Structures are given as C-alpha cells and as structure tokens.
Amino acid sequence: MRTRIAASVVLAVGILLGTAGCNFLAPQSTALHYDASDGVSGNVGSIDVRNAMVISDNGKTGNLVVTLVNNDSKSHRVLIQHGTTNKVDTYVTVEPGQVKDIGSAAHTQTQLVNINTQPGALLPLYFQYGTQTGVQLLVPVLTNAMSEYQHYTPTPKPTPVIAVPSDTTTPTP
C-alpha cells in the first residue's frame with residue numbers, strides 16, 4: 001500500500017515538473033519589450049523614448065509624436081535633433097517622474113521643419129540630454145491617411161501680420 005502511494009506521489013511530482021519545466025527553458029514573451037504601434041522606442045539614461053513617429057503629408061514639415069518618460073528624480077531638458085548637414089535642434093523639458101506626450105491631439109505639437117523625408121521613409125532623430133550618451137532612432141514618417149493619425153497632421157503656424165499704416169493724405173506740392 002505504501003509503495004503504491006509513494007509511486008503515485010513520484011508520478012505526480014514527475015508530471016508537475018515535466019509540465020512546468022517549459023517555463024524554465026522557454027523565454028517569456030511577455031517579458032520582452034516590443035513596439036506595439038507604428039513608432040519606435042529607445043532609451044537615453046533615465047529617459048525612455050516611446051513610440052516615436054513623425055506625421056507629414058508633404059515630406060517637408062512634420063509633427064513629432066512621441067512619449068518621453070522620466071524615470072529620474074530630477075527634470076531633464078531633452079534635445080531632439082534632426083537633419084544631416086543643417087542640424088535643427090528642438091528641446092523638451094521632462095519633469096521628474098513625468099510621462100510627457102508630445103504632438104498628440106490633446107498636446108502641443110512639436111513641428112519639425114525641413115525634414116526632407118517623404119512619407120513611408122525613415123527620418124533619423126537624435127535624442128540626448130545632459131552628459132548622457134544620446135541615441136539615434138530611425139523614426140517612421142507617416143501620413144494622416146489612417147484614421148488614427150488624422151488629428152496629428154501638422155497645423156501650419158500662423159504667419160505674423162505686420163500692420164503697415166496707409167497714408168491717406170495726399171501730399172501737397
């Protein structure tokens with residue numbers, strides 16, 4: 001009788017270890033980071049760059065859509081740079097512990113000018129702050145053709161109007 005119970009326990013432990021052993025050998029898919037959207041991600045020091053993409057319909061001006069996550073206890077001024085010969089710098093301050101959405105419909109757009117990258121191509125963007133080593137990401141340039149991105153199209157910045165007084169008096173000779 002004891003032999004039967006011992007054999008049953010050994011068999012149950014063997015089945016348990018045999019079926020649970022897959023977790024010890026196989027990589028956990030849920031533990032791996034991946035980009036769930038059309039954008040790309042990277043890290044600079046304690047700043048996480050998440051889901052970066054540029055929305056542009058003409059390949060000249062684009063709206064940068066990105067989420068910056070500050071995992072530090074102090075604020076950081078993040079440099080976002082694009083361009084090959086004439087580099088254009090944009091700065092964004094991210095407060096401690098802040099998750100800062102940039103370029104979405106509810107937030108201020110960060111327009112990138114003279115990107116010279118047609119929709120469908122990749123635009124190199126460089127992210128860096130302080131003395132941290134920066135990261136260059138190849139960010140996809142997309143159009144507003146998909147309904148999800150219709151509200152992200154760059155809005156033209158208003159041209160300042162300079163009032164010129166008109167002289168209505170006729171000069172006398």
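Answer yes if at least one residue in region 1-10 is modelled with pLDDT of 80 or more, under 30 Å from Gln111 (Cα atoms), among the charged types (D, E, K, R) and surrounded by fewer than 18 Cβ atoms within 10 Å (Cβ to Cβ), and no otherwise. No, there is no match, as no residue in region 1-10 is modelled with pLDDT of 80 or more, under 30 Å from Gln111 (Cα atoms), among the charged types (D, E, K, R) and surrounded by fewer than 18 Cβ atoms within 10 Å (Cβ to Cβ). Since Ile80 meets every condition but one in (1) surrounded by fewer than 16 Cβ atoms within 10 Å (Cβ to Cβ); (2) closer than 23 Å to Gly45 by Cβ; (3) hydrophobic (A, V, I, L, M, F, W, C); (4) under 17 Å from the mean Cα position of the chain (by Cα), which condition does it not meet? Of (1) surrounded by fewer than 16 Cβ atoms within 10 Å (Cβ to Cβ); (2) closer than 23 Å to Gly45 by Cβ; (3) hydrophobic (A, V, I, L, M, F, W, C); (4) under 17 Å from the mean Cα position of the chain (by Cα), only one is false for Ile80: (1).
Just so you know, in region 93-120 the residues that are under 13 Å from Asn58 (Cα atoms) and either touching a residue at least 60 places away in the same chain (Cβ under 8 Å) or of a type in the set (Lys, Arg) (or both) include one that is surrounded by the most Cβ atoms within 10 Å (Cβ to Cβ), and it is Ile115. Within the bounds of region 61-70, is there any residue that is modelled with pLDDT under 85 and either part of a strand (DSSP E or B) or closer than 30 Å to Thr131 by Cβ (or both)? No: region 61-70 contains no residue that is modelled with pLDDT under 85 and either part of a strand (DSSP E or B) or closer than 30 Å to Thr131 by Cβ (or both). In this structure, does Ile162 turn out to be aliphatic (A, V, I, L, M), modelled with pLDDT of 85 or more and in a loop (DSSP other than H, G, I, E, B)? For Ile162, the condition - aliphatic (A, V, I, L, M), modelled with pLDDT of 85 or more and in a loop (DSSP other than H, G, I, E, B) - is not met.
The values are calculated or read from the model by the stated rules, or taken from the named source; none is laboratory data. Being a predicted model, the structure only gives us computed values, none of them experimental. When we count neighbours, we look across all protein chains shown, and the Cβ atoms used for this are built from the backbone with ideal geometry, even at glycine.
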